[in-house]
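Written out below as structure tokens is the structure these notes cover.
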Amino acid sequence: MGNYFDPKWECASREDLRARQSELLVQTVERVYQNVPYYRKKMDEAGVKPEHIHGLEDLHLLPFLTKDDLREAYPYGLMARPLEDCVRIHSTSGTTGRRVVAFYTQNDVDMWENCCARALAAAGATKSDVVQVCYGYGLFTGGPGLHGGSHKLGSLTLPMSSGNTDRQIQFMTDLGATVLCCTPSYAAYLAETILERGLRNKIKLKAGIFGAEAWTEEMRHDIEEKLGIKAYDIYGLTEISGPGVAYECSEQKGMHINEDNFIAEIIDPRTGEVLPDGEKGELVFTSITKEAFPLIRYRTKDITILNHEPCACGRTSVRMRKPMGRSDDMLIVKGVNVFPSQIETVLMNQGYPANYEIVVTRENNSDAIEVKVEMTQEMFSDSISEVAGREKKLVSALKAMLGIYCKVRLVAPKSIERSEGKAKRVIDKRNLYKG
Ligand code: DLL
């Protein structure tokens, strides 16, 4: 099979894209039914045969696949190609339950890296750029994905991996890195450190490609201002390939989904019903070009909205809104749905840095939520009564946003641990899901 990357699909007509999706969907369903007993059983149980699937219009007939399926089929149960055809694995961090392992043939790696190359190109990168990759390398897809994309573009790639901030900044300044790839929380930390050391005019960065975790528009503006760059969002998940499933263009108004490789749907997370364009719900992906580990109607748990309106950049692919959280990260506090991103928006609007922690506890059957947030250096020199006033102001802004009371504790600068990868913002001490 050839290389799946074809830039023409980025601006193909909607009709051509849909025709390609239909054709590849039919082939994928046939292939998994023949080669993957796990899928055959699932489809048989749902009463669907490959001959029922004629194109996109029949997608809704197929059963969903969940992370639990992936865990049940661990490690080899969902492979559609023999092991000898595979050249790579990657894995999710597996903080809850068994790890999930994804397999790649060489064509799968090429397709994925090409998606990342598109993301880099959309952020303005060319072969003349110096791309500093400080996502982690290893089982995590962040480092290898952007690294591969940078190679495909022909940029000079700095394979830094995560951590060692001193070394990151030294290479960034010495080698004149122009594009930075890392999590937004690490970008914020790097920005903070660069400003503290007075190195802002020693850096040559022009763009950043930040993803792997939720971040707000406010955080984007903060990083853009501190580093003097344009900050682009990039989305992806290990199961579907890794970073580059969707990426932002220069318009920065939603992430273009690489629809020539992935079909996106939005469903109601409770009922599984497919929702019309523009409605908020859980994102579901079907891969149509993957060889080793094709996934059909995979429920991502990410909550977002799709937008089919044409984009001013000329790309015709559907755009997804920044994920507003995950259906499983959503906190239910006192019966109210709380997304960490709502809290972040309030904090950043009031001039706080994106260094915060949300602690949820339950005593006597009553939930309590506390937001610990770092003050900036200037705020730290305020008097006790000024600090108390600030806390009060935050409490009422949070109440206005969430509709519930949140305790607020302002803490000293640098007292909350920094993250080099994905930040852990929420500590839920209620143990609601134990046993
Ligand atoms: O985080 C892949 C990735 C690496 C994406 C580098 C972007 C950049 P996983 O570790 O499998 O893969 O985690 C996937 O992370 O379902 C989302 O909940 C979250 N996520 C990824 N990108 C974004 C983003 C990588 N831009 C899970 N905004 C996904 C919000 C994101 N959440």
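Details
- Legend: calculated FRET efficiency, Val274 to Lys392, from the Cβ-Cβ distance at R0 = 51 Å, rounded to 0.05, equals 0.70.
- In this view, the solvent-accessible surface of Arg409, computed with a 1.4 Å probe and all protein chains in place, comes to about 100 Å².
- Only beta bridges with both residues in the chain are counted; by DSSP, about 60 percent of them are antiparallel.
- A convex hull fitted to the Cα coordinates of the stretch 197-322 yields 130 cubic angstrom per residue.
- Segment Met401-Arg197, extension gain: residue separation times 0.36 nm, minus the distance between their alpha carbons: 69.9 nm
- Overall Cα dimensions of the stretch 331-433, principal axis frame, Å, largest first: 40, 32, 23
- Partners of Lys206 within straight-line reach, counting lysines whose Cα lies under 30 Å from its Cα and excluding those fewer than 8 residues away in the same chain: Lys8, Lys127, Lys152, Lys226, Lys230, Lys253, Lys322, Lys414, Lys422, Lys424.
- Virtual spin-label span in nm between Lys253 and Glu72, 7 Å along Cα→Cβ: 4.3 nm
- Highest mean packing first, where packing is the average number of other Cβ atoms within 10 Å per residue, the peptides 29-42, 286-299 line up as 286-299, 29-42.
- Stretched out straight at 0.36 nm per residue, the stretch from Ala46 to Val411 would grow longer than its current Cα-Cα span by 126.0 nm.
- Most to least accessible of Leu195, Leu83 (protein chains only, probe 1.4 Å): Leu83, Leu195
- Where the alpha-carbon atoms of the stretch 1-327 are placed on the principal axes, they occupy 65, 41, 37 Å, in descending order.
- Separation in nanometres of the label points that stand 7 Å from Cα toward Cβ, at Val87 and Ile427: 4.4 nm
- Note on Asp302: accessible area is roughly 20 Å² with a 1.4 Å probe, heavy atoms of protein only.
- Pairwise centroid distance, computed over Cα atoms, of the stretch 369-410 with the stretch 226-265, Å: 33 Å
- Set of the stretch 388-420 residues, backbone N closer than 13 Å to the point 7 Å along the Cα-Cβ line of Thr361: 407-409
- Residues with amide H under 5 Å from that of Asp428, placed H, sequence gap 5 or more: Val360
- Solvent accessible area, Å² - Leu410, 1.4 Å probe, full protein context: 20 Å²
- Residue among Thr238, Thr216, Thr271 with the largest mean-square fluctuation in a Gaussian network model of the chain, springs linking Cα atoms under 10 Å: Thr271
- Ordering of 223-236, 324-337 by burial proxy (mean other Cβ atoms within 10 Å per residue, highest first): 223-236, 324-337
- Nearest-0.05 FRET efficiency for Arg321 and Thr376, computed from C-beta distance (R0 41 Å): 0.90
The values are calculated or read from the model by the stated rules, or taken from the named source; none is laboratory data. Please read all numbers here as calculations on a predicted model, not as lab measurements. Every residue, glycine among them, receives a Cβ derived from its backbone with ideal geometry; neighbour counts consider all protein chains shown. Just so you know, the surface numbers come from the protein's heavy atoms only, side chains and all, with ligands and any DNA or RNA stripped out. Shrake-Rupley method; radii C 1.70, N 1.55, O 1.52, S 1.80 Å.
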